[in-house]
Amino acid sequence: MSSELPLLSLVVWTPIIGGLLVLAIGSGKHVLEARVVSLLVALLTFAISIPLYVQFDPTSFQMQFVELHPWIERFNIHYHLGVDGISMPLILLTTFTTVLVVLAGWEVIQYKPAQYMAAFLIMEGLMNGVFAALDAMLFYVFWEALLIPMFVVIGIWGGPRRVYATIKFFLYTFLGSVFMLVSLIYMYFQADSFAILDFHTLKLGLTAQILIFIAFLLAFAVKVPMWPVHTWLPDAHVEAPTGGSVILAAIMLKLGAYGFLRFSLPITPDASRELDWLMIALSLIAVVYIGFVALVQKDMKKLVAYSSISHMGFVTLGFFIAFTIFENTGSWKGAAMGIEGGIVQMISHGFISGAMFLSIGVLYDRVHSREIAAYGGVTNTMPTFAAFAVLFAMANAGLPGTSGFVGEFMVILSAFKANFWFAFFAALTLIIGAAYTLWMVKRVFFGEVANDNVAKLKDINAREFIILGTLAVAVLFFGIYPAPLLDVMGVSVQHLLEHIAQSKL
Amino acid sequence: MSVALPELFVLGMACLILVIDLFLTEKTRIVTYLLAQATLIGAAIASMAHQFGAPEIAFDGNFIRDGMGDTLKVFIYLSAFVVFLYSRSYLQARNLFKGEFYVLGLFGVLGMMVMVSAQSLLTLYLGLELLSLSLYALVAMNRDSTYASEAAMKYFVLGALASGMLLYGMSMIYGVTGSLVLSEISGQVATLGADDMVLVFGLVFTIVGIAFKLGAVPFHMWVPDVYQGSPTAVTVYIGTAPKIAAFAMVMRLLVDGLEGLHPHWQGMLVILVILSLAIGNITAIAQTNIKRMLAYSTIAHVGYLLLGVLSGTEAGYASSMFYTIVYALMSLGGFGMIMLLSRAGFEADKLEDFKGLNERSPWFAFMMLILMFSMAGVPVFLGFWAKLSVLSAVVDAGLVWLAAVAVVFSIIGAFYYLRVVKLMYFDKPVDNTPIEGDIDVRVMLSANSLAILGLGLFPGGLMGLCTRAMGL
């Protein structure tokens, strides 16, 4: 089941050490060397992460590839890593996306490229750490440390309002997570351990559970982000450089959703049951209302940012309808589909939103505008690129055959088991999503060539083709054949549901 | 006598240096500096020789040598050593490189050592005054600066007032318990009970004195003016080692002497903590002078530091000790950075002076980034573990709400630390003078910041040292 090598440690530390190396060699004129080393580090990390999938035992809900060493004895904190079927795919998504981000920043970033690449590599290691951590304090350290490179990336390489956006991003997410810290400390004194799995079995009263749930909600809802604490996201996305937007959308948003699965649901199941109406309401507001907000955007990045919030609403909806389904049907089988749908949506949104931001980046690098109105008839000058962009737009709208469809369909299907109206509102997204995405595609890509800028556009080069092509393959593959993904997570999700079925009171 | 060996050594050396300095010229003054550093190293060796042995009491119960005292003293020497190292070229550039700085500095260290080892009210007061008098003189060292004179005057007047308050409180405690020795006071408090009116009055005045020396709100008014007005070399001295000594004073008075009154002083400290966190963090946002900003940040850090003490458990005291040491290390780095950027005729004490540091020197910008994020309490730096320890102490004491209040203010605090990072990384430099600085300063400053990072990755050792020092 597991190999001799500490694979998870390698996945976490290879990019961090590689990033420091890039920082060291790239400070002078060795820009090309820095880029090449960054790419090699990213590829190496991706290669290391593949055995995680290959050697993973999908029939077991146990944590796998576990590493356990004492770290801080005073607080009984351990360096404790391990993955199950929920976190392992997310690590692969991270290592995969980072390769693309390094490629996407290849010649586009001219200002201090070594620092840029290093920041992304360090971020990759920290994100893998968040997904792999099984000790709550280790999780928290990775979770918070992640803010620093992102803060720097948006602030240095971002757009005109980057300082406002990055400080807002930092303070918002910091605000959310400090309350989580307090509740983790509280639970430490109850359980005498910071191990997440010990927290899972910890008995807690309902009041304590509700307070802890709210503290977690603040941390995770800000990260997801859920309505109404989503306002940092459009600012951060718009001002971030392309790579920053991709990492934000593809992975950072997943951290919050992952937190719900790893912390909120299993640690406070009774509070989750009590407050599931709140979560469902917030999710549906995100799906419908934010969808309408996306419709009126003039800025392409902002449009995709809002569409991300709307899509993430599906994820949280899928997680929290489990309780209602159980009450209606008395079986946890139906609930599993909602959660699995949510996870599939997380992965698929990682590909699609990453692809959307990369496509916008392709246009922005050439014209230096994100305004929809600055474009028109791009198909005429960039036919290959337009083909990719239209495919990703369709996937974003949830077209069957693309990965965007699978997750949304599973969540809507299980929402029917919970309540007709949940499903009704969730399904509205199929219309709204199609409306805002396709309308943007129409205005940007179709019609007459709008202006000289568009007339002078050159089609994508080989580097961009490789990036977009890889993502297109991923989007179509998981759209047609999602089984590899569903197989790995099935047992873990089943176990999670069995766990939350038991009251902890 | 051997109990007080480090104190006697420092006293002897300080007097010796005072005499030797008379025969030195401008060019050979470096000897004074080297002797002062050698004194600190020697004292550290003497203190470490017996560290963690059984506590020893001397001078009729007025003086104690124990694990906590020795550990704190070692960090006091370390702070003073680093301060002397950072400030040498700073002082030389400003024509302040005089023997007085080192002699007064060493007498200050001696005062702190006496405070740390005090086992009676009288010894404590003696140490405190020796420290304070040295500090008043140090602040005024730059005679031609009106700011410095104003700061010294303010510090002296308010400091004298606080000493008066403290003495008044001590006299009440003495009146009720009939003893100056802390262990005897502690026994008397236990028999008298926690609700003796005069005793509680004495406690109030004692806490006022302590709060003043620490710079806790509402007794903080001197802090910003003194930090801003003093030469940076003196500011960094005031901002580091005396905080460690003040922590020792809190421990000796409130825990060794008046632990029986814990229900009373816990409530008082809660008020001080909340006010310090609020005023310190919020006011720091409005500052444009980085020394003043760090002064308000000190006030906020004092709030966090007291969180551990007020929990009233051994683990809580250890966490406060850890916080104090960590704070001193971070503060050394922060002020050290200001001195590195400054040069003759340019103080680098405005926030704008940090603009575009990443362009001018990526390495030192990164070092400052570590310090700022550490002060803000972001993992994985050392400052986070310090916050975690004190927060866990208050949660353990059942004050979860206080922990929540503390973290809310840490978010507000994060803003002004982030602003420094913003200025360094996101803004263009205003002046492009290359960053000079002697090799020893550059190495020490890098080591200082990297220690914050390295100890952040492996905080167990320093935490363990503090718990061991508390006898856990």
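The values are calculated or read from the model by the stated rules, or taken from the named source; none is laboratory data. Remember, predicted model here, so these are calculated numbers, not experimental data. Note that each Cβ is placed from the backbone with ideal geometry, even for glycine, and that neighbours are counted across all protein chains shown.
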So B:Trp363 fits all but one of (1) within 12 Å of chain A (Cβ to nearest Cβ); (2) outside any helix (DSSP H, G or I); what number is the exception? (2)
In the stretch A:1-55, the residues that are at pLDDT 85 or above, outside any helix (DSSP H, G or I) and within 23 Å of A:Leu146 (Cα to Cα): A:Pro6
I want to confirm something. Restricting to the stretch B:417-460 and keeping residues that are surrounded by 17 or more Cβ atoms within 10 Å (Cβ to Cβ) and β-branched (Val, Ile, Thr), which single residue is farthest from the other protein chains (Cβ to nearest Cβ)? B:Val441
Residue list for the stretch B:397-411, restricted to those being facing chain A (nearest Cβ under 7 Å) and within 17 Å of B:Tyr323 (Cα to Cα): B:Ala403, B:Val407, B:Ser410
Just a yes or no: is a residue in the stretch B:140-154 in a helix (DSSP H, G or I) and over 21 Å from B:Val234 (Cα atoms)? no
Any chance the stretch B:41-56 includes a residue that's under 30 Å from B:Ser145 (Cβ atoms) and touching a residue at least 40 places away in the same chain (Cβ under 8 Å)? no
Looking at the stretch A:375-384, can you tell me whether even one residue there is part of a helix (DSSP H, G or I), over 19 Å from A:Gly159 (Cα atoms) and without any contact (Cβ under 8 Å) to a residue 12 or more places away in the chain? no
Tally up the residues in the stretch B:461-472 that are outside any helix (DSSP H, G or I) and within 14 Å of another protein chain (Cβ to nearest Cβ), please. 2
Of the residues in the stretch B:63-101 that are in contact with a strand residue (DSSP E or B) (Cβ under 9 Å, 6 or more places away or on another chain) and surrounded by fewer than 20 Cβ atoms within 10 Å (Cβ to Cβ), the one that is nearest to B:Leu133 (Cα to Cα) is B:Phe63
Using the structure shown, decide if B:Ala447 is out of contact with any helix residue (DSSP H, G or I) (no Cβ under 8 Å at 6 or more places or on another chain) and modelled with pLDDT of 90 or more. yes
Residues A:Ile86, A:Ile72: which one is surrounded by fewer than 24 Cβ atoms within 10 Å (Cβ to Cβ), within 12 Å of chain B (Cβ to nearest Cβ), over 20 Å from A:Thr166 (Cα atoms) and β-branched (Val, Ile, Thr)? A:Ile72
Please specify each residue of the stretch A:178-209 satisfying the condition of being aromatic (Phe, Trp, Tyr) and in a helix (DSSP H, G or I). A:Phe179, A:Tyr186, A:Tyr188, A:Phe189, A:Phe199
When A:Ala472 is run through (1) under 23 Å from the mean Cα position of the chain (by Cα); (2) buried (at least 18 other Cβ atoms within 10 Å of the Cβ); (3) free of Cβ contacts under 8 Å to residues at least 40 places away in the same chain, the failure sits at (3)
Among helices (runs of 4 or more DSSP H) entirely within the stretch B:208-289, at least 1 residues that are surrounded by fewer than 24 Cβ atoms within 10 Å (Cβ to Cβ) and of a type in the set (Asp, Glu) occur in B:222-229
Only one of A:Ile167, A:Ile156 that is surrounded by fewer than 23 Cβ atoms within 10 Å (Cβ to Cβ), facing chain B (nearest Cβ under 7 Å) and without any contact (Cβ under 8 Å) to a residue 24 or more places away in the chain: A:Ile167
Going by the structure shown, is A:Ala47 of a type in the set (Gly, Ala, Ser) and in contact (Cβ under 8 Å) with a residue 24 or more places away in the chain? no
Helices (runs of 4 or more DSSP H) wholly in the stretch A:226-281 with at least 2 residues that are touching a Ser or Thr at 6+ places or on another chain (Cβ under 9 Å) and under 23 Å from A:Tyr111 (Cβ atoms) - which ones? A:232-239, A:242-247
When you scan the stretch B:306-345, how many residues do you find that are in contact (Cβ under 8 Å) with a residue 24 or more places away in the chain and either of a type in the set (Gly, Ala, Ser) or more than 30 Å from B:Met268 (Cα to Cα) (or both)? 22
Give just the number: which of (1) in contact with a Leu (Cβ under 7 Å, 6 or more places away or on another chain); (2) at pLDDT below 90; (3) farther than 20 Å from B:Gly239 by Cα does B:Val217 not satisfy? (3)
Condition (residue is touching a residue at least 12 places away in the same chain (Cβ under 8 Å), surrounded by fewer than 18 Cβ atoms within 10 Å (Cβ to Cβ) and within 11 Å of another protein chain (Cβ to nearest Cβ)) applied to the stretch A:176-196: is it met by at least one residue? yes
Take the stretch B:333-360 and flag every residue that is basic (Lys, Arg) and either assigned to a loop (DSSP other than H, G, I, E, B) or at pLDDT 90 or above (or both). B:Lys355
Regarding A:Thr173, is this residue within 29 Å of A:Gly361 (Cβ to Cβ), within 13 Å of another protein chain (Cβ to nearest Cβ) and under 17 Å from the mean Cα position of the chain (by Cα)? yes
Pull out all pairs, ordered by first then second residue, where Cβ-Cβ is under 6 Å, the residues are six or more apart or on different chains, the first lies in the stretch B:274-290 and is under 23 Å from B:Ser342 (Cα atoms), and the second is surrounded by 18 or more Cβ atoms within 10 Å (Cβ to Cβ) and among the small types (Gly, Ala, Ser). B:Ala284/B:Ser297
Does B:Ser392 satisfy being more than 10 Å from chain A (Cβ to nearest Cβ), surrounded by 23 or more Cβ atoms within 10 Å (Cβ to Cβ), at pLDDT 90 or above and not in a loop (DSSP other than H, G, I, E, B)? no
Of (1) buried (at least 21 other Cβ atoms within 10 Å of the Cβ); (2) in a helix (DSSP H, G or I); (3) within 12 Å of another protein chain (Cβ to nearest Cβ), B:Pro379 satisfies all except one. Which? (2)
Just to confirm my filter: which helices (runs of 4 or more DSSP H) fall fully inside the stretch B:1-98 and include at least 1 residues that are in contact with a Leu (Cβ under 8 Å, 6 or more places away or on another chain) and of a type in the set (D, E, K, R)? B:5-22
